[in-house]
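*Asks:* Structure incoming, see below.
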Amino acid sequence: MRSSTRLPAAAAVLATAVLAGCGGSSDSTSDTGSSSADNAKTKLSLVAYSTPQVVYDEAGPAFGKTTAGAGVGVVGSYGASGDQSRSVLNGADADVVAFSLEPDMTKLVKGGFVGSDWNAGPNKGFVSNSVATFVVRKGNPKGIKTWDDLIKPGVKVITPNPFSSGSAKWNLLAGYGAKSDGGKNPAAGLAYVKTLLTKNVKQQPASGRDASSAFTSGDADVLISYENEAITLQQKGAKVDYVTPDDTILIQNPIAVTAKSKHPAQAKAFVDYLLSKPGQEIFAKHGYRPVDDAVLKANAKTFPDPSGLFTIDDLGGWSKVNDEFFDPDKGSIAKIEQDAGVSTSK
């Protein structure tokens, strides 16, 4: 079990500024950033989930200073991962798309907006990784260390709605996987998720961003979130600690150049920059686990390996998981949410 307060905080700011300034695990409302593109000759449209806005606001200008990025600016639109994917399907301009989970990319592949070979590279289409963790009050007054601690009487938990937030799916799958022995005992995993959602989860905001806001401004004991979100909150001065359980899931974040990009060469160059050592160092700086092995190794103290780390493939892969758990008509977690009166509409 590992509690972390290692990273030094940046200049302290008000909690409301923290939440407005750095994207959450997936935001419910679109926000446009990266003003560095104002005077650029070529403007790339980036449609992304909200957590990495702080990364792209730094990476965009840095890319513009490279030979490949000369004269190129990046204009970002940030929102809930699922909402962002649907916006591209509905015609939003996008040269590059970056989501919190693979199914949001798969939608665009099926719609012809992203090539089927988007995940053919050495990084399998992923630009960053993370793990599911517990954000707690400073000093961890409730002594939260394990998934079992989250379902103790009186412990109040916040996690987003999995039918609007990509991070929420990761959160619940982390708990499911931990209590099902990596999917070997589905009944035990689902029983845990049901208890968590119906007994201890007091709020399910529409997004990871809203969930972070609800936690920092409310009285809940635990926020289930991304490791990088916890680190970002600390860097911005929020009075929180975080605990990563031994059994947790590897979160993988996809990125791709769209098939309908108006600037495909520049868009590819931007993605290549994000995957390069300088780009990956920016991700690491903001709490994301790099997909570049060398950068990850250089930051090993910040990103230790949980002893029971598992992946979505261990649970059967996204196609299986989405259908069995999150299908609004037949998914087992969808049924739990519906019985609890939580919206499962997309």
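A quick yes/no check of all residues on (1) among the small types (Gly, Ala, Ser); (2) over 19 Å from GLU102 (Cα atoms):
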{"site": "ALA259", "(1), (2)": "yes, no"}
{"site": "ALA265", "(1), (2)": "yes, yes"}
{"site": "GLY279", "(1), (2)": "yes, yes"}
{"site": "ALA284", "(1), (2)": "yes, yes"}
{"site": "TYR288", "(1), (2)": "no, no"}
{"site": "LYS301", "(1), (2)": "no, yes"}
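*Asks:* Test THR248 against the criterion of being out of contact with any helix residue (DSSP H, G or I) (no Cβ under 6 Å at 6 or more places or on another chain) and under 27 Å from PRO122 (Cβ atoms), and give yes or no.
*Replies:* So THR248 fails the test.
*Asks:* Report yes if LYS194 is in a helix (DSSP H, G or I) and surrounded by fewer than 22 Cβ atoms within 10 Å (Cβ to Cβ), otherwise no.
*Replies:* Considered against the rule, which asks whether it is in a helix (DSSP H, G or I) and surrounded by fewer than 22 Cβ atoms within 10 Å (Cβ to Cβ), LYS194 comes out as yes.
*Asks:* Turning to a different aspect of this structure: Please indicate, with yes or no, whether at least one residue in region 202-214 is of a type in the set (A, V, I, L, M) and either closer than 21 Å to THR311 by Cα or in a loop (DSSP other than H, G, I, E, B) (or both).
*Replies:* yes
*Asks:* When the residues of region 326-346 are filtered to those that are of a type in the set (A, V, I, L, M) and at pLDDT below 90, which remaining residue is farthest from LYS169 (Cα to Cα)?
*Replies:* Per the stated criteria, the residue is ALA340.
*Asks:* Restricting to region 163-177, count the residues that are of a type in the set (Phe, Trp, Tyr) and assigned to a loop (DSSP other than H, G, I, E, B).
*Replies:* 1
*Asks:* Something else: Quick check: anything in region 276-286 farther than 30 Å from ALA62 by Cα and loosely packed, with under 15 Cβ neighbours inside 10 Å?
*Replies:* no
*Asks:* Now for a separate question. In the set GLY166, GLY183, which member is surrounded by fewer than 20 Cβ atoms within 10 Å (Cβ to Cβ) and modelled with pLDDT under 95? Talk me through it step by step, then tell me what you get.
*Replies:* On the way: GLY166 fails: surrounded by fewer than 20 Cβ atoms within 10 Å (Cβ to Cβ).
Testing whether each residue is surrounded by fewer than 20 Cβ atoms within 10 Å (Cβ to Cβ) and modelled with pLDDT under 95 leaves just GLY183.
*Asks:* Still on this model: Looking at region 258-269, which of the residues that are out of contact with any Phe, Trp or Tyr (no Cβ under 8 Å at 6 or more places or on another chain) and touching a residue at least 24 places away in the same chain (Cβ under 8 Å) is surrounded by the most Cβ atoms within 10 Å (Cβ to Cβ)?
*Replies:* Going through region 258-269, the residues out of contact with any Phe, Trp or Tyr (no Cβ under 8 Å at 6 or more places or on another chain) turn out to be 261-268.
Keeping just the survivors that are touching a residue at least 24 places away in the same chain (Cβ under 8 Å) gives 261-264, 266-267.
Values: SER261: 21, LYS262: 14, HIS263: 17, PRO264: 13, GLN266: 26, ALA267: 24.
This residue is GLN266.
*Asks:* Do we have GLY111 as over 27 Å from ASP292 (Cβ atoms) and within 18 Å of the chain's Cα centre (by Cα) here?
*Replies:* no
*Asks:* Just the residues that are part of a helix (DSSP H, G or I) and under 18 Å from GLN235 (Cα atoms), please, taken from region 281-312.
*Replies:* Of all residues in region 281-312, those part of a helix (DSSP H, G or I) come to 281-285, 293-298, 312.
Across region 281-312, the qualifying residues are GLU281, ILE282, PHE283, ALA284, LYS285.
*Asks:* Filter region 149-163 for residues that are out of contact with any Pro (no Cβ under 6 Å at 6 or more places or on another chain) and within 21 Å of SER332 (Cα to Cα); which is surrounded by the fewest Cβ atoms within 10 Å (Cβ to Cβ)? Working first, answer last.
*Replies:* Step one: filter region 149-163 for residues out of contact with any Pro (no Cβ under 6 Å at 6 or more places or on another chain), giving 149-159, 161-163.
When the remaining residues are screened for being within 21 Å of SER332 (Cα to Cα), the result is 150-151, 157-159, 161-163.
Values: LEU150: 25, ILE151: 18, VAL157: 24, ILE158: 25, THR159: 31, ASN161: 22, PRO162: 25, PHE163: 22.
Selected residue: ILE151.
The values are calculated or read from the model by the stated rules, or taken from the named source; none is laboratory data. These figures come from a predicted structure and were not determined experimentally. With ideal geometry, Cβ positions are generated from the backbone for all residues, glycine too; neighbour counts draw on all protein chains shown.
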